[in-house]
Each structure stands twice: as C-alpha cells, then as structure tokens.
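First the structure, in the form of structure tokens, and then the observations on it.
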C-alpha cells in the first residue's frame, strides 16, 4: 500500500522537485494517534511542515511543475517498512551484539559496548547511504493537483 501526501512545490530540479508537505496523512490514519506524541512533537518543532524531495516518475515529470503548484507524492509502504527496520533495527541489533560480547564484564562495559554498537550501526548506515547501497528511498511525483499561474507584469516602454 502506497502512502500518498500532497504538498506545495517550493523548488524545481532536473530530476525532481522539493515539496513542502503538511504531515497529516500518516498520523491521521494511525491507530495509535491519540496515544502517540510524534505528531505533537513534530508540530512543536517544525510547525507540522516538512520539506521533501520527490523524484520524477512515469506519471509526472518535474519539468511539468511550477513553483507553488500543488502536487501529490507517494512512497511505497514496503520502502517505508524496509527503511524503518534498517534505521532502527540495524543499530539496535549491533548495540545488543556488542553488549552481549561484554556480558561477563561490569555493567559499565556492557553499557559502553551497547552505545559503541549503536554508533557503529549509525555510521555504517551513513556510509552505505553515501555509496548508494541502500537504494532509492525518495518519494515519487504522482500527479499535479492544482496549477498556480504566476502573474505577469507588463511594462510600458514609453513611460
């Protein structure tokens, strides 16, 4: 299942656009929305707006968009799941492995090993991302919802 979000185009590149979105779709459909503080925290810190780069798709190209156009972008649910597992699960697994390797030592060594494992996990993810080994996790352009016409100023050269 794809997650679709709408937003306003704020910048255009050759291979995609930057879209300002209001984070509401995921939080609105989540079963834990009343007990989760993520939406509230995101709203306090960022004004509930996010800036996302969306790449071209077969359905819509960046060249067809203008600044302030409203577009829909989407990300595959499987991509979101895979990314969350790698981002959270990978470093946690390394942290646990490092901590378990120090199980016979004092608690201080176990805690230090856990945090060292977390650091190695996050550094590894950063390195893999910089090499392009994680694949594309960017959202794609789905459709143009509303086109904003830019006003044209006509200047009379005789004045």
Among the residues of the stretch 116-136, is there at least one that is at pLDDT 75 or above, closer than 30 Å to residue 66 by Cα and in contact with a strand residue (DSSP E or B) (Cβ under 7 Å, 6 or more places away or on another chain)?
no
In this structure, does residue 87 turn out to be touching a residue at least 24 places away in the same chain (Cβ under 8 Å), part of a helix (DSSP H, G or I) and in contact with a strand residue (DSSP E or B) (Cβ under 8 Å, 6 or more places away or on another chain)?
no
Cβ pairs under 7 Å, 6+ apart, first in the stretch 120-141 and within 22 Å of residue 12 (Cα to Cα), second at pLDDT 85 or above and exposed (fewer than 13 other Cβ atoms within 10 Å of the Cβ):
141/59
Condition (residue is more than 24 Å from residue 133 (Cα to Cα), in contact with a helix residue (DSSP H, G or I) (Cβ under 7 Å, 6 or more places away or on another chain), modelled with pLDDT of 85 or more and not in a helix (DSSP H, G or I)) applied to the stretch 102-109: is it met by at least one residue?
yes
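The values are calculated or read from the model by the stated rules, or taken from the named source; none is laboratory data. Here the structure is a predicted model, which is why all the values come from computation and not from measurement. With ideal geometry, Cβ positions are generated from the backbone for all residues, glycine too; neighbour counts draw on all protein chains shown.
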